[in-house]
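As C-alpha cells, the structure follows; a few thoughts come after it.
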Amino acid sequence: MSSPRKRIIVSVISDLATDQRVIRIATTLQKMGFEVYVLARSFKTSLPLEIYPFRANRIRCYFSKGTLQYAEFMTKLFFRLLFKRADYFLANDLDTLLPNFWVSRLRGKYLFYDTHEYFTGVPELAASPVKKKVWKKLEDYIMPRLKTIYTVNDSVKREYESEYNVHLGVVRNLPVTVNVTPAPVPEHWRGKIILLAQGAGLNEGRSCIEMIDALPLLDDRFHLVFIGGGNAWEKLKKRRKEMQLEHRIDMMEKMLPSKLKSFTPLAHLGMSLDNFTDKNFLYSLPNKIFDYMQAGVPVFATAIPEVKRIIDQYDCGITIYDTSPQHIAKLITELMNDETRYARLKANALAASREFSWEKEQVKLRAIYQNFL
C-alpha cells in the first residue's frame, strides 16, 4: 500500500484567479507528487476559478483596502491553517507570512516562503512610514528564522541576502508555453497600432498616467489599451475622461489568464514602465515582459536592471530612463516608423521567449522541494 501524499497548504492574499505565479507553482508541486491545497482571498468582484490540478479554496473577505484588509485576512487565514491537515506550509509574500509562521511553530510543521517582490519597497508604504516600519519589523523578526526562501529574480535575492544574511533561491515568473488562438480583433482596433499595458497590478508608480498623457502626442494611428486593474485604475479612468480620450483608450477589467493570453498577440508594443524611485519596482522583473515576448510583441519598458539586461541581451524591445510623455511619444513614433527595426525586435521577442519558459524554470522549483516528498 502506497504512503499518502505529503500535503502542502499554499497561502496567497490574491484571489488566485489571475495569480499566474501561484497557479504555476501549485501545479508543478501537485505534479511532483505533493497534495496541494491553495488558500486565497475572495470578494464579490472576484473572477471564478478555473479548473486546476490542485485543490483551491478562497476565504471571503469584506475589507479590500487599508490595514483592515490585512487584519481580516491574516486572522481568518490563521484559523484555517491551524485546523487544516498539513505536512508543510508555503507562504506567498509578507502579507501571508505571519499566520503561516505562527501556525508552523505551533504545529511543528516546515514553512517555505516565496517572496514575490521587495515588499517594504512598494510605493504605498513609502507614503506611510508607520506602516512601513511595522511591516519591516515583522520581516526582520521572521526572515532570519526561515530555512527555505526563494524569490523572483537576482536583484531581490541580493537585497534580502545582504539585509538578513540568509540564502534565497530564484524561481522567475516565466510563462508556460502554450499555443494561443488570438482573439478576434475588435472593430475599432483594426488598422491601429495597439499599445498594450496589461496586469492585475497597474498601480501607482507604473507610469500609466504618462502613457495616457503621451497619446495626444502620437497620431491617430495609435490606440492605448489597459487590461487588468490595480490601485491606479480609477485614476486612469478619470484622466482618460479629462483628456477626452475615451475613443482612443480602452480599459478592460482583469480577466482570466487564458483569456488575457488571447488578447496579448493583438498588440504591437507591450508597455511596462515601472519607476526607478521605489525599490520594489526598481528590483522587479514583471511577468508581463515574458507574456509579451511569448506573443511575439516587442517590449517598451523602463530600464530597470532585470528588464534592461534581458532586452539588451536579446534585442527584443526598447528601454528608457525618461518617462515623460514627450519622450515616450518620440521613441514610440521613431520605432513604429522604422519597419525594419520593428520587424527585427518582433522576431527577436518570439525567439527569446523560447529561452524564458516555465518548462525550463520549474527545474529550479523542483530542486527546492524534491527532498521533502
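Computed from the coordinates by the stated procedures, all read-outs in this text should not be read as laboratory data. Computed from a predicted structure; not experimentally measured. Reconstructed Cβ throughout: ideal geometry from the backbone, glycine too, with neighbour counts over all protein chains shown.
Let me have the 222 nm mean residue ellipticity of the chain computed from DSSP H runs of 4+ only, each contributing -39500 (n - 2.57), with the sum over all residues rounded to the nearest 500.
One gets -13000 deg cm²/dmol as the mean residue ellipticity at 222 nm.
Applying 1/(1 + (r/R0)^6) with R0 = 45 Å to the Cβ-Cβ distance of residue 312 and residue 137, what FRET efficiency is obtained, to the nearest 0.05?
Rounded to the nearest 0.05, the efficiency is 0.75.
Note down the magnitude of the dipole of region 259-373 about its Cα centre, charges +1 on Lys and Arg C-beta and -1 on Asp and Glu C-beta and zero elsewhere, to the nearest 20 debye.
On the way: 14 positive and 13 negative charges, 73 e Å.
With only Lys, Arg, Asp and Glu charged at Cβ, the dipole is about 340 debye.
Counting pairs of alpha carbon atoms under 8 Å apart in space and at least six apart in sequence, what relative contact order in percent does the chain give?
Relative contact order for the chain comes out at 15 percent.
On a 0 to 90° scale, report how tilted helix 358-369 is relative to the longest principal axis of the chain, with both axes built from alpha carbons and the result rounded to the nearest 10.
20 degrees
Considering only 285, 320, 120, whose Cα is most displaced toward the positive end of the charge dipole of the chain, charges sitting on Cβ of Lys, Arg (+1) and Asp, Glu (-1)?
Result: 120.
Which distance in nm do the two modelled labels at residue 303 and residue 321 give, with both placed 7 Å along the Cα-to-Cβ direction?
That separation, rounded to one decimal, is 0.5 nm.
Pick out, from 255, 49, 265, the residue whose Cα sits farthest towards the positive end of the charge dipole of the chain, with +1 on the Cβ of Lys and Arg and -1 on the Cβ of Asp and Glu.
About the Cα centre, the residue reaching furthest to the positive side is 49.
Inverting the mean 1/r over all pairs of different Cα atoms, compute the Kirkwood radius of region 27-85 and quote it in Å.
Details: mean 1/r = 0.0773 Å⁻¹.
Evaluated on region 27-85, it is 12.9 Å.
Over what distance in Å are the Cα centres of region 159-221 and region 102-126 separated?
Between the Cα centre of region 159-221 and that of region 102-126, the gap is 25 Å.
Helix 339-353 versus the longest principal axis of the chain: what is the Cα-based angle in degrees, 0 to 90, to the nearest 10?
The angle comes out at about 10 degrees.
Treating the beta-carbon of each Lys and Arg as +1 and of each Asp and Glu as -1, no other charges, what is the dipole magnitude of the chain about its Cα centre, to the nearest 20 debye?
That gives the chain a dipole magnitude of about 1640 debye.
What is the packing order of peptides 22-32, 174-184, taking the mean over residues of other C-beta atoms within 10 Å and listing the highest first? If you can, show how the numbers build up before the last one.
Details: 22-32: 21.3, 174-184: 13.7.
Going by the mean number of other Cβ atoms within 10 Å, highest first, we get 22-32, 174-184.
Over the chain, what number does the Rg to Rh ratio reach, with both radii from the alpha-carbon atoms and Rh per Kirkwood?
Checking Rg against Rh, the ratio lands at 0.97.
For region 65-127, which trypsin sites (Lys or Arg not before Pro) are both in a DSSP coil and crowded by at most 10 other Cβ atoms within 10 Å?
Here the sparse-neighbourhood loop sites are 65, 85.
Have a look at 88, 342, 362 and report the one farthest towards the positive end of the charge dipole of the chain, computed about the Cα centre with Cβ charges (Lys/Arg +1, Asp/Glu -1).
88
If we count chymotrypsin sites (Phe, Trp or Tyr not before Pro) as exposed when they sit in a DSSP loop and have at most 14 other beta carbons within 10 Å, what is the longest stretch of the chain that avoids them all?
With a cap of 14 other Cβ atoms within 10 Å, the longest stretch comes to 64-275.
Counting only GluC sites (Glu not before Pro) that sit in a DSSP loop (anything but H, G, I, E, B) with at most 15 other Cβ atoms within 10 Å, what is the longest stretch of the chain containing none of them?
51-245
Run the paramagnetic zone check for residue 220: 7 angstrom along Cα to Cβ, then residues of region 170-203 with backbone nitrogen under 20 Å.
So the set is 186-195.
At a temperature of 25 °C and a viscosity of 0.890 mPa s, determine how fast region 187-353 diffuses translationally according to Stokes-Einstein, using the Kirkwood radius over alpha-carbon pairs as Rh; express D in µm²/s, rounded to the nearest whole number.
Details: Rh = 15.7 Å.
Stokes-Einstein gives a translational diffusion coefficient of 156 µm²/s.
Using only Cα atoms, find the angle between the long axis of helix 325-336 and the longest principal axis of the chain, and express it within 0 to 90 degrees, rounded to the nearest 10.
Its long axis makes an angle of about 70 degrees.
Please work out the Cα center distance from region 12-91 to region 273-319, rounded to the nearest Å.
What the calculation gives is 28 Å, centre to centre.
Going by a ≥ b ≥ c, the root eigenvalues of the Cα gyration tensor, does region 254-330 fall in the rounded group (a/c under 1.5), the prolate group (a/b larger than b/c) or the oblate group?
Here region 254-330 falls in the prolate category.
With each label point set 7 Å from Cα along the Cα-Cβ vector, what nm distance links residue 50 and residue 262?
1.1 nm
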